[in-house]
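As C-alpha cells, the structure follows; a few thoughts come after it.
Please treat every number below as a calculation from the coordinates, not as lab data. Here the structure is a predicted model, which is why all the values come from computation and not from measurement. Here the Cβ positions follow ideal geometry from the backbone for every residue, glycine too, while neighbour counts run over all protein chains shown.
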Amino acid sequence: MNAWAWTALVLFTGWAVTAFGVRAFVQHRRTGDAGFRGISGRPGSASWWAGLLFVLALVGGAAAPVASLAGLSPLPGAGGDALRWAGLIVAVAGIAATLAAQSAMGSSWRVGVDAGERTELVTSGIFAGVRNPVFTAMVVTAAGLALMVPNLIAVLTWGVLVIAIELQVRVVEEPYLAHVHGVAYDAYTARAGRFVPGVGRRRSPIAA
C-alpha cells in the first residue's frame, strides 16, 4: 500500500509542478506573462467558489496519498493491485494529455480569467472537437490517482474537482469567451463538445 501511495504522491507532485509551475515559467519566457489570473468574482459568488474548490481539489490531491501513508484505509471493496495498476495507467495518460492540451493553447493559456483581456480563440488540433481538453485531462488524472489510493479523501477530491471545473467553465469561461469572441465562439460551441467530442455542443446562441 505504501508503495502505491508514494507513487501517487510523486505523480501528483510532478503533475502539479509541471502543469502549473513549469508551464507558467515557459509561458513567461515566451510571452512575458506567466498566465495566472487567480480567483475571479466576489467572495461567495459562483465564480469565487469555482476558484476556491479548485484550490481545495489540489490540496486534496496531495492529502489523499499522504493520508494513505498515515494509515487511512481504502474504501470497502477497493483493494487489489489490478485497480491500482489501472489507476496508474489512467493517471499517466491524464498527465500526458494535460501537458499536450496546455501546449496546444500556446500564448492563450491562462489560469483564471481577466474580464478585460482578449486572447486568441484556439479551435484547432485537440481543440477542434473538445472545447476544454485541459480540464478533461485533469479530471482523468485525478480519477487515476484516486484509483491508486482509493480512500475517502481521494474520492471526495475527485468530486470537488469536477464541481470546480463545471462551475469554472459554465459560469466564468463560457460567458467570457462568448462576450469576447461573439459569433466565432458561438459557431465553435455548435461543433465542439464541452468536455468530450459531441457532448455539450450548443444549439442556440450564447448570450454575450
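Things to note:
- For segment 70-80, putting each phi into the Karplus relation 6.51 cos²θ - 1.76 cosθ + 1.60 with θ = phi - 60° gives couplings of 7, x, 5, 6, x, 5, x, x, 9, x, x Hz, in residue order, rounded to whole numbers and with x for Gly and Pro.
- Mean Kyte hydropathy of -1.0 or more with a Cα span along the axis of at least 18 Å, helices from DSSP in the chain: 2-16, 46-69, 81-105, 133-148, 152-167
- The slack between residue 73 and residue 117, meaning 0.36 nm per residue of separation minus the straight C-alpha distance, is 11.2 nm.
- The distance separating the Cα centre of segment 1-69 from that of segment 131-201 comes to 15 Å.
- Residue-averaged 222 nm ellipticity for the chain, from DSSP H runs of 4+ at -39500 (n - 2.57), nearest 500: -19500 deg cm²/dmol
- For segment 130-208, the Cβ-based charge dipole about the Cα centre amounts to some 260 debye (Lys, Arg positive; Asp, Glu negative; other atoms uncharged).
- Cut-off 11 Å between beta-carbons: net charge of the residues surrounding residue 27, Lys and Arg +1, Asp and Glu -1: +3
- Farthest toward the positive end of the dipole of the chain, out of 192, 10, 147, is the Cα of 192, where the dipole comes from beta carbon charges about the Cα centre.
- Using 0.36 nm per residue and subtracting the Cα-Cα separation, the extra length available between residue 108 and residue 92 on full extension is 3.3 nm.
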